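Step one of this worksheet: look at the structure below.
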Amino acid sequence: MRNLDEIATTNSKLYSRILISRVRDLMLDIRQTELAPYDISPRQAFILEILFKLGHSATLTQLAKHNEREANTISVQMTKMEKEGLVRKIRKSAKSTLLTYELTKKGLEIYQQTKKQTSEKVIMSALSEQERQIVMAFLIKILTKAEKYREVQLEKYRSLR
C-alpha cells in the first residue's frame, strides 16, 4: 500500500476522502470517550438533543427525519433507550398506532450533562468562523453530489431487477 504522502501528491480525490474519513472517525471516537461516563452512544446523545429541541417529545417520523435514518432503524434505537430509562413511549390512545417518545427525567439530566460537547468545541476551534463556513460550503457541495450520484446508482440497480 502506498503511503499517505504519495497518495496526497498523486490522487487528491482519494486523499480528500481519506482525510474526511479520518476526521469523522477520530471525532466519533473522541465523542464516544466523552460520553462513556454517561453510558450512552453519540447517536443516543443526538436523539436526546433532538427530543429536547423538539419540546421534549417527538414521533418516530420526526426522529427519523432529523436523524436521516429509516423509521424502523430509529424504532430499534428508541426501544433500547426506553429500556435504559432515557425516553418513554406514549400512545395517543389505546388503539392508536401513533407513538410519541418523550424525554424522561433521567434522559433530560443526561442530555443536560452531555450537551456541552467540549471535544467538538476544542477541535473545531482550529478554524475561524469564516473557515468553518467555507468547510461547510465545500462539504455541502460534496454531499449534494454524492446524494445525486446515489440516486442515479439506485435507479440503475432498480432497472436491473
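The values are calculated or read from the model by the stated rules, or taken from the named source; none is laboratory data. Everything numeric in this text was worked out from a predicted model, so none of it was measured. Heads up, the Cβs are rebuilt from the backbone with ideal geometry, glycines too, and the neighbour counts pull from every protein chain shown.
Points worth noting:
- Residues (under 21 Å from LYS13 (Cα atoms) and polar (S, T, N, Q)) located in the range 134-161: THR144, GLN153
- Meets criteria (assigned by TED's automatic domain parsing to the domain that holds LEU35, part of a helix (DSSP H, G or I), among the basic types (Lys, Arg) and within 18 Å of the chain's Cα centre (by Cα)) for LYS80: yes
- Whenever a residue of the range 7-25 is farther than 27 Å from SER119 by Cβ, its partners that are among the hydroxyl-bearing types (Ser, Thr, Tyr), lying with C-beta atoms within less than 7 angstrom and at least six residues away or across chains, give the pairs ILE7/TYR15.
- Within the range 97-142, if we keep just the residues that are among the hydroxyl-bearing types (Ser, Thr, Tyr) and within 19 Å of the chain's Cα centre (by Cα), the residue that is surrounded by the most Cβ atoms within 10 Å (Cβ to Cβ) turns out to be TYR101.
- LYS145 vs. criteria surrounded by 10 or more Cβ atoms within 10 Å (Cβ to Cβ), charged (D, E, K, R) and at negative phi: yes
- If you go through the range 49-62 and keep only what is buried (at least 22 other Cβ atoms within 10 Å of the Cβ) and assigned to a helix (DSSP H, G or I), you end up with just LEU51.
- Screening the candidates ALA45, ALA58, ALA71 for the property of being in contact with a Leu (Cβ under 8 Å, 6 or more places away or on another chain) and within 19 Å of SER119 (Cβ to Cβ) yields one hit, ALA45.
- Only one of ARG43, ARG88 that is touching a residue at least 12 places away in the same chain (Cβ under 8 Å), assigned to a helix (DSSP H, G or I) and basic (Lys, Arg): ARG43
- All positions within the range 104-159 that are outside any helix (DSSP H, G or I) and within 28 Å of THR59 (Cα to Cα): THR104, LYS115, LYS116, GLN117
- Checked against (1) outside any helix (DSSP H, G or I); (2) more than 30 Å from ASP29 (Cβ to Cβ), TYR101 passes all but condition (2).
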